[in-house]
Amino acid sequence: LPRPYDLVINVSPGTSKSTVCSILFPAWCWTRMPECRLLPGSYANDLVLDLSNKARHVIKSAKYTECFPEITLRDDQDTKGHYANSLGGERMTCTVGGKSPLGRHAHIILIDDPIDPQEALSTLLRVEAARFMIEYIANRKVDKAVTPTVLIMQRLGVSDPTDAMLGQGK
């Protein structure tokens, strides 16, 4: 069904927003939609790979495997930054201003911290992160009417990616 809106989650640091949204949520998605393709992104490659790897550990855990034995990772596509399950689902990664999302299309886009909070004073970096949200990520959807974009970050000020999403959204 058409999505009514995208989602912006602005929560203070240290409140488990990345654990819930970027690690556990993608693993849960495959329990409901095993064919789901996810495109998580962040400002830094090491951060997006760390989150991806932690989700991979959840999916490979004994409890997850016991509860969802049909969800298994494919041997031929099982890396930290891009893995796929045997039922057609994938988790790919991208970064703002680095690892490009071009050529990838997802059913759910998760952008967790598109800008380093310590660099948020830089107008150039805020504008680049906001542009990434509006120009690049918006075109990586399987179906623009259905695919949600979820932005997870602490609010960093005027012209940050939250502003960009709110300006585009409903």
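Amide H to amide H distances under 5 Å link residue 85 with 74, 90, where only residues 5 or more positions off or on other chains count and H is placed in the peptide plane.
For the listed peptides 109-116, 61-68, 160-167, 123-130, a ranking on the average number of other beta carbons within 10 Å per residue, highest first, reads 109-116, 160-167, 123-130, 61-68. For the chain, a simple Cβ point-charge model (Lys and Arg +1, Asp and Glu -1, everything else neutral) yields a dipole of about 300 debye relative to the Cα centre. Comparing Cα centroids, the range 99-170 and the range 7-85 end up 19 angstrom apart.
In this simple spin-label model, placing a label point 7 Å from the Cα along the Cα-to-Cβ direction at both residue 45 and residue 60 gives a separation of 2.1 nm. Report the net charge of residues surrounding residue 141, where surrounding means a beta-carbon distance below 11 angstrom and charges are Lys +1, Arg +1, Asp -1, Glu -1. Net of charged neighbours comes to +3. When the Debye formula is applied to the Cα atoms of the range 1-138, each taken as the same point scatterer, what base-10 log of I(q)/I(0) results at q = 0.09, 0.19 Å⁻¹? With no solvent term, the Cα-only Debye profile gives -0.27, -1.14. Over the chain, DSSP H runs of length four or greater, each weighted -39,500 (n - 2.57), average out per residue to a 222 nm ellipticity of -8000 deg cm²/dmol. Given +1 at the Cβ of Lys and Arg, -1 at the Cβ of Asp and Glu and no other charges, the dipole of the range 90-170 around its Cα centre is 300 debye to the nearest 20. Distance between the 7 Å Cα→Cβ label points at residue 127 and residue 75: 5.2 nm.
Could you check the simple spin-label distance between residue 159 and residue 7, using points 7 Å along Cα→Cβ, in nm with one decimal? Label-label distance for residue 159 and residue 7, simple model: 3.0 nm.
Every number here is computed from the coordinates shown, using simple stated rules; none is lab data. Because the structure is a prediction, the values reported are computed rather than measured. In this analysis, Cβ positions are derived from the backbone assuming ideal geometry, glycine residues included, and neighbour counts consider all displayed protein chains.
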